[in-house]
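The values are calculated or read from the model by the stated rules, or taken from the named source; none is laboratory data. In this text the structure is predicted, and so the values were computed from the model without any measurement. Note that each Cβ is placed from the backbone with ideal geometry, even for glycine, and that neighbours are counted across all protein chains shown.
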Amino acid sequence: MRDEWDAIAIGAGPAGLAFAATAADLGLRVLVVDEQDVPGGQIYRNIENQTPQSLSVLGPEYSYGHSLVKAFRGSQAAYLPNSIAWKIETDGRLCYSSKGKSKEIKAKRIVIATGAMERPAPFPGWTMPGVMGVGAADTLIKSSGIIPKGPVTMVGNGPLMLSVAIHLNELGVEVSHFLETTPAFSTLKNLSKFPKAMAKPGYMLKGAAMMVKTRRLVKHRKANVTGYAAKGNGRVESFSYSWGQGTNQIPARTVLMHEGIIPRTEFPRQLGVEHCWDPVQRYWYPKLNRFGRSSQPNIYIAGDGGFVHGAVAAELKGRLAAIDIASELTDLTKPKKETLLNPIGKALKLELAPRPFIDGVYQPRKPLYDLDDATMVCRCEEVLAQQIRGAIIQGMKTAEMVKSITRCGMGPCQSRMCSCSLTEIIAEETGQMIKDMAPVSIRPPVRQLSIGELTRMELLKEEN
Amino acid sequence: MYKQHSQRSGRTVCIEFEDSPMEVPEGISVAAAVLSHAEDHHCRYSVVSGEKRAPFCLIGVCHECLMEIDGKPYQQACMITAREGMTVKRHEFKGGKTNAR
Amino acid sequence: MHADIIIVGSGMIGMATALHLAKAGKKVIILEKDFPGKHASGVNAGGVRSLKRDLREVPLIQGALDDWYHMPELVGSDCGFFKIGYMFAAETDEDMKGLEERVRATQSMGYTHEAIIDRQQVRKLAPGIADHCVGAIVSDHDGNASPAETCRAFHAACLNQGVEVRMGCSVLDIDTNSRGFKVQTSSAGVIEGEQVLNSAGAWAGKIGQMLGDLLPVTPVGPSVMVTAPMPRLLHRHLTATQRKLWLNQVKNGTIFLMGGYLADVDLDNGKTHLNFEALQQCAKAAHSLINTIEHIPIVRAWAGLDGNTPDDVPIICYSKKVPGLMHACGFSKHGFAIAPMVGRMVSDMMQGKEPGFSVKEFEIGRPTLN
């Protein structure tokens, strides 16, 4: 395999696949580095290995991924599965680990297409066995054909709750409790964005239909839930939740939580590119131009890793990045570029039309990060909210300072699960605006690397 | 807690989980195997307090599913496919509270 | 604003000195452009080592160890300090002779902190160490602390003692006047003081330059890797004669790998950029010494910013050019352990007292610096 490429994409979800196929078709030498063993990313995970039965359960939006994977497989793009990227440099060098061996390769452009993750939103008992993400349960179905035995309690806020409830139900899993933390009157408050959303009436109708269907299939539904906690001895045994006037406790063995989807920003943060803060959905996202180019000229971010807009938008953004890069690295003319961009730009505009409404309706509830002192913020190092507040009182006003004194963020996950909470608590306790703070930094290796592997890795020779 | 839904190939592989043989469907991740076939589906003990932990995000982000696989410590079980003869163990290691407060 | 002593840099050197000066009744202001310990004192591996130290520094480490074993009395916290010895393994018979010679020399100077051990004892302390290691010298009275907790505790102790610590406050310029010094700062206006202590770490050279004093202090970015927690593998912090390396396994089981492997430095922005060729060299040095670490995952790597001198010994003396300007810098990647004693020593010197042992080894004019 060559060491040098025109472009390397990290991730084989819709953005990475569409980028690579388009880029290859435009004459670029492109490689996709994928941590999984088959293409699909998270949304189209394991799509090549599904049965007709599982495809019918997962629905047409999932099956659509087949065409992306087919186009990718049929293109001249190279595919490197089972390969985990762990360091990127702004000059286009990339280190990855594959089957226990690390290597450094280089490209003129790097396209980060590592997608998104479920928002880590701590609550008492969230680290107990029996609690997992709603998306995680969907991933289990897609990748391993595993389902919870049920009954299942689902809690949280976001459209993913609906589709997973429907998937579980079709697989014979009882969803006994469906507890929504979507802020009260959310739809009303965002009504002004509704007309724009109706540019995609089919999409909106489908969402409404899913809402109706979900309400019918769950046994108990509660809206405007304001807080919740899991209890048990070594595993979840009961679950309590509260709303305006009341509180309830139910037996529970499987709790699926979901408080939204946020971009995975490990690589952008490792590179130190500029980020912006979205006050509605409350997350950091890399600052990008309309083609996905970051503040570092050789680095692009495509798909949900740039902003969470869903799979179709991710695919379109992947194509935009490919066209832009091709316009610089091949003899693609300006007029031809415009011709290619036009329909994609239009499609993307349409695809994004409902987003302000969706993002507004499903925004995280205001007190999401008003954590009880005893809530565990850093799962890896078991750092509680009160320890973080204690550090702040002692004068530690930045994430870096709090991290050094509490060890929050120093565990194996490298703050992936705690940086959101850490940022929100610091802002709350110090009165700073998050937009004036900086995202928590990350150093390479962004993924674990064994000592033996580091000793044997092939590094590229320094050019200067 | 969890169970197999679709028998894709119908084939199974035998892994050694905590020194006992365990038959699991071909193609599933080690994390999925622990969730669906182990009696107690926690996959590790916290290195700080020793409390039980289980896979949480299933996409390689949360690092809860760290297990010893084929003698290598701290492998992300959700990212590794179970293979015939693979040995899978929970880390028993508990480091105790670290130096920093 | 006026102080008896203005201290530039709130690392361990600055804070330890401030603490003792304040206890002696002096009015002290520390000017810190970031936060206490940010660049070196708070981000090292926490080793408190007497082994293999330049013999000139032995009085410093011995005095410091007294403090380390009694930190709660000094700063109200144990600073995470625990006792763990160090081991310097000989990789050839020739090297072993060299170590035996070293022990003879140190003992003839009255120091007993280093002792010889044989092949078997080496393997007891580091099972899995390479076969070719024939023996070692060890120190048993050494230890390891938590840099972050130590900095926090010293910071709090300073505040308790009435030291003013200005964070986010850079020194823009320093001038002398009849009363001493006039320091222009970025966020605290102008501060006047009778004496200035330059404990600015990687920036010590820049501070010296402001007063026309040229210091042979080079900014360096020592990098460190740390592993996931592992069962006890090393009973002593470990190095060996044929390699640049320190392998420290601390209380929670994580292992630090380092040895003066440097990152690229961007001093103006206070940033470092890890050099993976250097880190690979470090990993190779560790792995070929003790290959049982093969599968242990590296969880994190980072680099600090420190000041290095050409002979790797700190500069602790008054400026020859500028009266009242004390330099305590150039700790060359090993200042953390001796800082408590350096603080006492510099505090004595700045009060016109004799430190109680020879300090001419730390002067700028020493032969090994020229």
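Evaluated against (1) small (Gly, Ala, Ser); (2) touching a residue at least 12 places away in the same chain (Cβ under 8 Å); (3) out of contact with any Lys or Arg (no Cβ under 9 Å at 6 or more places or on another chain), C:Ser108 falls short on exactly one condition, (2).
The requirement of being closer than 25 Å to A:Pro356 by Cα and of a type in the set (Gly, Ala, Ser) is fulfilled nowhere in segment A:264-282; no residue meets it. Restricting the search to strands (runs of 3 or more DSSP E) fully inside segment C:131-199 and requiring at least 2 residues that are modelled with pLDDT of 95 or more and aliphatic (A, V, I, L, M) gives C:135-139, C:171-177, C:190-198.
Can you find even one residue in segment A:323-338 that is buried (at least 19 other Cβ atoms within 10 Å of the Cβ), away from chain B (no Cβ under 14 Å), under 30 Å from A:Ser186 (Cβ atoms) and not basic (Lys, Arg)? There is no residue in segment A:323-338 that is buried (at least 19 other Cβ atoms within 10 Å of the Cβ), away from chain B (no Cβ under 14 Å), under 30 Å from A:Ser186 (Cβ atoms) and not basic (Lys, Arg).
In segment A:156-176, the qualifying residues are those that are assigned to a strand (DSSP E or B) and small (Gly, Ala, Ser), and the one that is surrounded by the most Cβ atoms within 10 Å (Cβ to Cβ) is A:Gly156. Per the listing A:Trp284, A:Trp277, A:Trp243, the residue uniquely hydrophobic (A, V, I, L, M, F, W, C), surrounded by fewer than 20 Cβ atoms within 10 Å (Cβ to Cβ) and not assigned by TED's automatic domain parsing to the domain that holds A:His177 is A:Trp277.
Can you tell me which residue is nearest to A:Leu55 (Cα to Cα) among those in segment B:1-26 that are in a loop (DSSP other than H, G, I, E, B) and more than 7 Å from every other protein chain (Cβ to nearest Cβ)? Quick ask: steps written out before the conclusion?
Step one: filter segment B:1-26 for residues in a loop (DSSP other than H, G, I, E, B), giving B:1, B:5-11, B:18-19, B:26.
Now narrow it down to the ones that are more than 7 Å from every other protein chain (Cβ to nearest Cβ): B:7, B:9-11, B:18-19, B:26.
Values: B:Gln7: 13, B:Ser9: 15, B:Gly10: 17, B:Arg11: 20, B:Glu18: 34, B:Asp19: 36, B:Glu26: 19 Å.
Across segment B:1-26, the extreme among qualifying residues is B:Gln7.
Scanning segment A:177-206 for residues that are crowded, with 17+ Cβ neighbours inside 10 Å and among the polar types (S, T, N, Q) gives A:Thr181, A:Thr182, A:Ser186, A:Asn190.
Residue under question is C:Thr92, and the condition is that it be at pLDDT 95 or above, surrounded by fewer than 20 Cβ atoms within 10 Å (Cβ to Cβ) and among the hydroxyl-bearing types (Ser, Thr, Tyr); does it hold? If you could, list the steps in order and put the result at the bottom.
On the way: at pLDDT 95 or above: yes; surrounded by fewer than 20 Cβ atoms within 10 Å (Cβ to Cβ): yes; among the hydroxyl-bearing types (Ser, Thr, Tyr): yes.
Here the answer is yes, as C:Thr92 does meet what is asked.
Looking at C:Ile296, C:Ile316 in this structure, which one is modelled with pLDDT of 95 or more, within 11 Å of chain A (Cβ to nearest Cβ) and buried (at least 23 other Cβ atoms within 10 Å of the Cβ)? One residue alone meets the criteria, C:Ile296. Scanning segment C:227-246 for residues that are crowded, with 19+ Cβ neighbours inside 10 Å and within 14 Å of chain B (Cβ to nearest Cβ) turns up C:Thr227, C:Ala228, C:Pro229, C:Met230. The residues of segment A:62-95 that are within 13 Å of chain C (Cβ to nearest Cβ) and under 23 Å from the mean Cα position of the chain (by Cα), listed by number, are A:Ile84, A:Trp86, A:Lys87, A:Ile88, A:Glu89, A:Thr90, A:Leu94, A:Cys95. Return a yes/no flag: does segment C:185-199 have any residue that is within 22 Å of C:Val342 (Cα to Cα), surrounded by fewer than 24 Cβ atoms within 10 Å (Cβ to Cβ) and under 25 Å from the mean Cα position of the chain (by Cα). Looking through segment C:185-199, at least one residue is within 22 Å of C:Val342 (Cα to Cα), surrounded by fewer than 24 Cβ atoms within 10 Å (Cβ to Cβ) and under 25 Å from the mean Cα position of the chain (by Cα). For segment A:1-81, the helices (runs of 4 or more DSSP H) that sit wholly inside it and include 3 or more residues that are surrounded by fewer than 20 Cβ atoms within 10 Å (Cβ to Cβ) are A:52-58, A:60-63, A:65-74.
The set of residues in segment C:200-237 that are under 20 Å from the mean Cα position of the chain (by Cα), under 30 Å from B:Lys72 (Cβ atoms) and outside any strand (DSSP E or B) contains only C:Arg236. Against the numbered list (1) in a loop (DSSP other than H, G, I, E, B); (2) within 9 Å of chain C (Cβ to nearest Cβ), A:Pro439 comes up short only at (2). For segment B:28-55, the candidate set comprises residues that are facing chain A (nearest Cβ under 7 Å), part of a loop (DSSP other than H, G, I, E, B) and under 15 Å from the mean Cα position of the chain (by Cα); within that set, the residue that is modelled with the lowest pLDDT is B:His41. Here A:Glu458 does not qualify as acidic (Asp, Glu) and under 25 Å from A:Trp277 (Cα atoms). Considering only segment B:73-91, I want to know if a residue exists there that is within 14 Å of chain C (Cβ to nearest Cβ), within 30 Å of C:Ala145 (Cβ to Cβ) and at pLDDT below 95. Within segment B:73-91 (the criterion being within 14 Å of chain C (Cβ to nearest Cβ), within 30 Å of C:Ala145 (Cβ to Cβ) and at pLDDT below 95), the answer is yes, since at least one residue qualifies.
Looking at A:Gly27, is it modelled with pLDDT of 95 or more and at positive phi? Explain how you work it out, then say what you get.
On the way: modelled with pLDDT of 95 or more: yes; at positive phi: yes.
Spelling it out, A:Gly27 is indeed modelled with pLDDT of 95 or more and at positive phi.
Yes/no per residue for (1) modelled with pLDDT under 95; (2) at the interface with chain C (Cβ under 10 Å from one of its Cβ atoms); (3) surrounded by 19 or more Cβ atoms within 10 Å (Cβ to Cβ):
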| site | (1), (2), (3) |
| --- | --- |
| A:Met417 | no, no, yes |
| A:Thr423 | no, no, yes |
| A:Ile426 | no, no, yes |
| A:Thr430 | no, no, no |
| A:Met433 | no, no, no |
| A:Ser450 | no, yes, yes |
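Is it true that some residue in segment C:291-309 is part of a loop (DSSP other than H, G, I, E, B), among the hydrophobic types (A, V, I, L, M, F, W, C) and within 30 Å of B:Tyr74 (Cα to Cα)? Reasoning before the result, please.
Let us first name the residues in segment C:291-309 that are part of a loop (DSSP other than H, G, I, E, B), namely C:294-296, C:304-305, C:309.
Narrowing further to those that are among the hydrophobic types (A, V, I, L, M, F, W, C): C:296, C:305.
If we keep only those that are within 30 Å of B:Tyr74 (Cα to Cα) too, we end up with C:296.
Checking segment C:291-309: at least one residue is part of a loop (DSSP other than H, G, I, E, B), among the hydrophobic types (A, V, I, L, M, F, W, C) and within 30 Å of B:Tyr74 (Cα to Cα).
Residue check: is A:Asn248 within 30 Å of A:Ser176 (Cβ to Cβ) and outside any loop (DSSP other than H, G, I, E, B)? Taking the combined requirement at face value, the residue satisfies it.
Restricting attention to segment B:56-82, the residues being among the hydrophobic types (A, V, I, L, M, F, W, C) and part of a loop (DSSP other than H, G, I, E, B) number 9. Search segment C:247-263 for residues being crowded, with 19+ Cβ neighbours inside 10 Å and more than 14 Å from chain B (Cβ to nearest Cβ), and hand back the single one that is nearest to C:Arg53 (Cα to Cα). If we take residues in segment C:247-263 being crowded, with 19+ Cβ neighbours inside 10 Å and more than 14 Å from chain B (Cβ to nearest Cβ), then C:Gly259 is nearest to C:Arg53 (Cα to Cα). Answer yes or no: is there a residue in segment C:264-275 that is among the hydrophobic types (A, V, I, L, M, F, W, C), in contact with a Pro (Cβ under 6 Å, 6 or more places away or on another chain) and either away from every other protein chain (no Cβ under 13 Å) or over 27 Å from B:Tyr45 (Cβ atoms) (or both). Yes, that holds for at least one residue.
Looking across C:Lys333, C:Lys321, one residue alone is among the charged types (D, E, K, R) and either under 19 Å from C:Gly208 (Cα atoms) or assigned to a helix (DSSP H, G or I) (or both). It is C:Lys321.
Applying the set (1) among the β-branched types (Val, Ile, Thr); (2) in a loop (DSSP other than H, G, I, E, B); (3) buried (at least 22 other Cβ atoms within 10 Å of the Cβ) to C:Thr272 leaves exactly one unmet item: (2).
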